[in-house]
1. Checking LEU60 against (1) assigned to a loop (DSSP other than H, G, I, E, B); (2) surrounded by fewer than 17 Cβ atoms within 10 Å (Cβ to Cβ); (3) modelled with pLDDT under 95, which single condition isn't satisfied?
2. Counting only residues that are closer than 19 Å to LEU60 by Cα, touching a residue at least 12 places away in the same chain (Cβ under 8 Å) and assigned to a strand (DSSP E or B), how many does region 81-115 have?
3. Across region 117-131, what is the total count of residues that are surrounded by 13 or more Cβ atoms within 10 Å (Cβ to Cβ) and in a helix (DSSP H, G or I)?
4. So PRO88 ticks every box in (1) touching an Asp or Glu at 6+ places or on another chain (Cβ under 7 Å); (2) within 21 Å of THR139 (Cα to Cα) but one. Which box is left unticked?
5. Of the numbered conditions (1) loosely packed, with under 14 Cβ neighbours inside 10 Å; (2) farther than 24 Å from ARG38 by Cβ, ASP158 satisfies every one except a single condition; which is it?
6. Collect the residues in region 97-110 that are out of contact with any Gly (no Cβ under 6 Å at 6 or more places or on another chain) and closer than 20 Å to ILE30 by Cβ, keeping them in residue-number order.
7. Taking GLN163 as the residue in question, decide whether it is exposed (fewer than 10 other Cβ atoms within 10 Å of the Cβ) and within 27 Å of ILE45 (Cα to Cα).
8. So which residues in region 141-158 are touching a Phe, Trp or Tyr at 6+ places or on another chain (Cβ under 8 Å) and either β-branched (Val, Ile, Thr) or closer than 19 Å to GLU99 by Cα (or both), if there are any at all?
Amino acid sequence: MAKLKFGNNLMETIIRKAEKSDTEAIFLLIQELAVFEREPNAVIINKKTIKKHGFGKQPLFQCFVAEINKKVVGIALFYPRYSTWKGPTLHLEDLIVTEEMKGKGIGSMLYTAFLEYADKVGVERVEWAVLDWNRPAITFYQQSGAKVLSDWRTVQMDKKSIQNYVYKIN
């Protein structure tokens, strides 16, 4: 727990592992991130899929939440990967802080919690993507000691593209 000062108020920020009851807050933050990343209609998941994929019998992701006054104001959502060169890794899918709480150190607290967890579980590497126009994030990551790779490009296929490819070759 840490205390952050906002104006004349001293508020306690709690960083903790997400619980099933955080599903709605996680979903709302994902939607807020989509708007920030200029993709407001790109989110196709819903609260039910977050609950199933994050808190079901075989969770596909883990998540830390930042909470102030019992309200979730940020998340760090991540999952395991495997590098054929390095071994076990963690992929930080999203580090999100509500717009009104940005710049108050909450993102740093979530980032630290994620990296402490990575160290604790003994992964060889952590990785994530950052948009090339998100200069504040790039600067923050570089100042933390992360290397922002410019020689790699993210490659993706959506479900429709996967199906087009699969059915085209069969």
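The values are calculated or read from the model by the stated rules, or taken from the named source; none is laboratory data. Remember, predicted model here, so these are calculated numbers, not experimental data. Every residue, glycine among them, receives a Cβ derived from its backbone with ideal geometry; neighbour counts consider all protein chains shown.
1. Result: LEU60 passes all but (3).
2. Residues in region 81-115 being closer than 19 Å to LEU60 by Cα, touching a residue at least 12 places away in the same chain (Cβ under 8 Å) and assigned to a strand (DSSP E or B): 12 in total.
3. 2
4. Among (1) touching an Asp or Glu at 6+ places or on another chain (Cβ under 7 Å); (2) within 21 Å of THR139 (Cα to Cα), PRO88 violates only (2).
5. (2)
6. The first filter runs over region 97-110 and keeps only residues out of contact with any Gly (no Cβ under 6 Å at 6 or more places or on another chain), leaving 98-105, 107-109.
THR98, GLU99, GLU100, MET101, LYS102, GLY107, MET109, listed by residue number.
7. no
8. At the first step, the residues of region 141-158 found to be touching a Phe, Trp or Tyr at 6+ places or on another chain (Cβ under 8 Å) are 144, 148, 157.
Listed by number, the list holds a single entry, VAL148.
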